[in-house]
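This report concerns only the one structure given below.
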Amino acid sequence: MSLRRAIFPGSFDPLTNGHLDIIKRSLPLFDEIIIAVLNNPEKNPMFSVEERCALIRQILPEIKNGECDLVVDSFSGLTADFARKRKATAIVRGIRAVSDYEYELRMALMNRRLEPSIETVFLMAAEEYSYVSSNLMKQVFTLGGRVEGLVPTLVEAKMREKLK
Ligand code: PNS
């Protein structure tokens, strides 16, 4: 039987507990999941792509269980091209609320047009993370608000270091 390999693409600037929730839900569905971190320096990220990958690599062992392999890699260019190169058959994306749907639908249809053999698989995030996004976390944290429980402890510590 061929390997069920998926990519979970995103900016992950930074990884949130919402992302971790989606990865956990993907574990039983695939043999290998590649957490694909978009190299997007033009977006002026808080963390460099190397920092984001390193953070995710440190945190993943906390959620790993069973047979599914978790791999972290970065990419530039099209998600569909990266998925094809890595021989993935699925692109995993999380949906938090109806407001995510239109954007995600457009991306899924475009990705399908670019690479018809790869399906986008949508997973519903847990209700408690339905409002959690990397951008909101950065904004709240930068303005002195608490993000405890919404991002991994290590992410919170690294965000604190960035603000110093
Ligand atoms: O975490 P994000 O920022 O919501 O992730 C968005 C991401 C990285 C999945 C999307 O911007 C993307 O796929 N970018 C790569 C360029 C690309 O393939 N664009 C066309 C998608 S239809």
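Give the residue that is nearest to L29 (Cα to Cα), with candidates limited to residues of region 61-106 that are open to solvent by less than 90 Å² (accessible area, probe 1.4 Å) and aromatic (F, W, Y). Here the answer is F82. So which residues in region 16-60 are open to solvent by 10 Å² or more (accessible area, probe 1.4 Å), of a type in the set (S, T, N, Q) and touching a residue at least 12 places away in the same chain (Cβ under 8 Å), if there are any at all? If the condition is that a residue be open to solvent by 10 Å² or more (accessible area, probe 1.4 Å), of a type in the set (S, T, N, Q) and touching a residue at least 12 places away in the same chain (Cβ under 8 Å), then N17, N39, Q58 are the ones that fit.
Quick check on region 1-53: of everything there that is of a type in the set (V, I, T) and more than 14 Å from L70 (Cβ to Cβ), which residue is farthest from the chain's Cα centre (by Cα)?
Quick first cut of region 1-53, residues of a type in the set (V, I, T) only: 7, 16, 22-23, 33-35, 37, 49.
Narrowing further to those that are more than 14 Å from L70 (Cβ to Cβ): 16, 49.
Working: T16: 8, V49: 13 Å.
Filtering region 1-53 for residues that are of a type in the set (V, I, T) and more than 14 Å from L70 (Cβ to Cβ), the one farthest from the chain's Cα centre (by Cα) comes out as V49.
Of the listed requirements (1) within 18 Å of G10 (Cβ to Cβ); (2) modelled with pLDDT of 95 or more, A157 misses just one: (1). Of all residues in region 94-123, those that are more than 12 Å from T79 (Cα to Cα) and in a helix (DSSP H, G or I) have Cβ atoms under 7 Å from Cβ atoms of residues that are at pLDDT 95 or above and open to solvent by 30 Å² or more (accessible area, probe 1.4 Å), 6 or more apart or on another chain, in E104/R93; E104/F122. One residue stands out in region 82-118 among those that are within 17 Å of the chain's Cα centre (by Cα) and among the charged types (D, E, K, R): the one that is farthest from C68 (Cα to Cα), namely D100. For region 60-71, the criterion of being touching a Lys or Arg at 6+ places or on another chain (Cβ under 8 Å) and under 17 Å from V151 (Cβ atoms) is met by at least one residue.
The values are calculated or read from the model by the stated rules, or taken from the named source; none is laboratory data. What you see is a predicted model, and the numbers here were worked out from it, not measured in a lab. Virtual Cβ from ideal backbone geometry, glycine too; neighbours counted across all protein chains shown. Please note that ligands, DNA and RNA were not included when accessible areas were found on the heavy atoms of the full protein model with its side chains. Shrake-Rupley method; radii C 1.70, N 1.55, O 1.52, S 1.80 Å.
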